[in-house]
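First the structure, in the form of structure tokens, and then the observations on it.
Rule-based calculations on the coordinates, nothing more; no lab input. Computed from a predicted model, the values in this text were never measured in an experiment. Cβ coordinates were reconstructed from backbone atoms using ideal geometry, including for glycine residues, and neighbour counts include every protein chain displayed.
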Amino acid sequence: MKRDSHPARAASRRRRATAVGAAVGSCALVLAAGIPASAHGSPGGHRTRYVALGDSYTSGPVIPTQVDANCARSDHNYPSLVAVQRPGTVLDDVSCAGATTEEMWKPQGTNGPQLDAVQRDTDLVTVQIGGNDVGFGPIIATCAQLASQDLTGNPCQRHYTASGIDQLAWAVLETAPKVARVLRAVHDRAPHARVVVVGYPDLLPDDGSGCYPSVPFAAKDFPYLRDTEKRLNLMLRITAVLNRAEYVDTYRPTRGHDMCKAPADRWIEPLRPASPAAPAHPNAKGEAAMAGAVLERLERGRGR
């Protein structure tokens, strides 16, 4: 290339080259400042910070391996399985057996208030709560006790509707604003997080049939209790939509694997479990099925 021999033009070109170089350098600094630190030199790029909130259906009591005795939390519950399948995910699982919506704000033994785990940099929150607010445990105990009075009838349903109001349906309605309050708190603490409400799996035969004495309820109480769970899941779905959250249906993918099925086919254990799990709770297969449903939801676009 022929060099410019005119001193003024040469000096002008040098000044332009210096200015362009400075501008390029400034742009590079601006772009670098906008990239998360974890993306620089990190093989996984941005790390997803995932917080799991919930009760025993989330924590996975008795399922090996138990990693938190206070909360009966398994390292093979669905949050753990979801995190493993999503590279770069950092899981903070604070789910705890026996939790109600109140435990989102209150400590539970050695487990602090669950909402304390949700921070401004949290990217994903799953919430599975409400079953204990409705009273899963007491309902099961009451219905099992009443069954001996009328094995072919519906003594449990008669008990809960004796006042003229279905007390279980009412309990579901009363739980809705409590779940909504939890979701609002999650959004306040992590305004940019993807929030996913996880429903409850299929506990009893979807066709309304029974399996006394494996599950010791009266014959006509099975459809009543099935419908109560469906009512709870419908409430969770509606509450999620009304509070800018997504919903994961775990009932449909677990249908046909309820606690009345044979040990090899069931994903929910009956009151006398044959596989490692708490009574009337998911076993390892059930947690895996819920993880699959959550992963399917997450792979879809946010809000779709």
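Once phi is turned into θ = phi - 60°, what whole-Hz ³J(HN,Hα) does the Karplus curve with 6.51, -1.76 and 1.60 give for every residue of region 81-87, x standing for Gly and Pro?
5, 5, 4, 4, 7, 10, x
Taking θ = phi - 60°, what integer Hz values does the Karplus form 6.51 cos²θ - 1.76 cosθ + 1.60 yield along region 160-168, in sequence order, with x for Gly and Pro?
So the Karplus estimates, Gly and Pro as x, are 7, 10, 4, 7, x, 10, 6, 5, 6 Hz.
What residues qualify as long-range amide H neighbours of Arg49, i.e. H under 5 Å apart, gap of 5 or more or another chain, H built at 1.01 Å from N?
Distant-sequence amide H within range of Arg49: Val90, Asp123, Leu124.
From the phi of every residue in region 287-295, what ³J(HN,Hα) in whole Hz does the Karplus formula 6.51 cos²θ - 1.76 cosθ + 1.60 yield, where θ is phi - 60° and glycine or proline is x?
5, 5, 5, 5, 4, x, 5, 5, 4
So who's got an amide H within less than 5 Å of the one on Gly54, skipping anything under 5 residues away but keeping other chains? H placed 1.01 Å off N, in plane.
For Gly54, the qualifying residues are Ser95, Cys96, Gln128.
Name the residue from Cys71, Gly153, Pro213 whose Cα lies farthest towards the positive end of the charge dipole of region 48-299, charges +1 on Cβ of Lys and Arg and -1 on Cβ of Asp and Glu.
Toward the positive end, the furthest listed residue is Gly153.
With label points built 7 Å along Cα→Cβ from the Cα atoms of Lys230 and Ile165, find their separation and express it in nm.
Going by the 7 Å Cα→Cβ label model, 2.4 nm.
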